[in-house]
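What follows is calculated from the coordinates using simple rules that are stated; it is not laboratory data. For clarity, every value in this text was computed on a predicted model and none was experimentally measured. Cβ placement follows ideal geometry from the backbone for every residue including glycine, while neighbour counts extend to all protein chains displayed.
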Amino acid sequence: MVKMRPAITLFITLAIVVALLSLVGITFSYLSEARAKAESKAALIESDLIYADASNAVSKFVGKKPSVGTLKNIYKIPITVNETKGSFRLLVACSPARAAIPISWLSQSGGAKREQMYNLASSVFDEIALKNNFRDVGRLKGMLSDAITSKLSISFGKEGRLKRAKNYFGWSDFKSVLDEYYLQVQDDKVYKPNWNYYFSFGREYEAIDGNFLSSKLIATIFNIDEQIVEEDFKSGHLRKFVYDNGLDEELYNSKLFAKGAVVALTCNANYSFGKGSYAFKFNYINGKVEGFEFIK
């Protein structure tokens, strides 16, 4: 029988130990991943149960006929739901869902009924393009109008194609148009503006919640210095701000701007489950909850 040298024996032993440790590490990694997936699925199931508590809490705070002041407070201070016996805590933060111009107003289809909508959206779009020096404004507006108008899908070229949900033009759809425009024109300035200050994405609505517009959008719509808006405008009093500053009253009094409180909220709920933190979002529109989406 041939005896191995001590060094060789030690080397083989170490190799076996390393292999075993690697196997154990891989095993723990798989177990950890499986546990995380199981916990995530459990959290998703849990979120369905918590969802009812969150929507009920929002409904309770909003009430049947909230004032603009009530909505203002809800937007400023998150709603908390605490378990009577236990440490569970749910935090719900809401923001106005209709405090911008629907991007779908850039569609030219619909005849005279939509003319005012298009004119407002187009003038704001043109101002953004001018400030940021877009290379081909006409092409970008045309691409957006075609994409919004198309009910199924639209082809931009040999490879570019946009498919979207019916009657819905979301942020990802808008971003796809910007990306295709960039490929065609090589104009990266379209990514510079924060579009969410000016436009909303998703389902269309007929009137803007003027009481909670961004100062940038108010300045653009009414042709006034943004600094004046930031100093003088207080959310919830757009009508007074327009009158006090001698702005376009006819435009404000049009059907484009909702009068009074607009019950349209986008809410994000956060809670802890197991060892992780999870979140989901939903819309609260005129007493109805819709658009539930589990985030993590």
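Considering the zone a paramagnetic label at residue 189 would reach in this model (a point 7 Å from Cα along the Cα-to-Cβ line), which residues of the stretch 131-149 have amide N under 19 Å from it?
131-144
In nanometres, what is the gap between the two model label sites at residue 56 and residue 207, each 7 Å from Cα along Cα-to-Cβ?
According to this spin-label approximation, the distance is 3.2 nm.
Just grab the label-to-label distance for residue 230 and residue 197, each label 7 Å out from Cα along the Cβ direction, in nm (one decimal).
0.9
Check which residues have an amide H placed less than 5 Å from residue 101's amide H, if you skip close sequence neighbours.
For residue 101, the qualifying residues are 199, 200.
Run the simple label-point estimate for residue 123 and residue 171 please: 7 Å along Cα→C-beta, distance reported in nm.
Taking the two extended label points, one gets 2.8 nm.
Rounded to the nearest 0.05, what FRET efficiency is calculated for residue 112 and residue 279 with R0 set to 41 Å and r the Cβ-Cβ distance?
Values: r = 43 Å, r/R0 = 1.06.
Working from the Cβ atoms, E equals 0.40.
With r defined as the distance between the Cβ atoms of residue 132 and residue 245 and R0 fixed at 25 Å, what FRET efficiency is calculated, to the nearest 0.05?
On the way: r = 26 Å, r/R0 = 1.03.
Result of the calculation: an efficiency of 0.45.
Once amide H atoms are placed 1.01 Å from N in the peptide plane, what residues at a sequence separation of 5 or more from residue 261, or on another chain, have their amide H within under 5 Å of its amide H?
Here the answer is 68, since their amide H atoms fall under 5 Å of that of residue 261.
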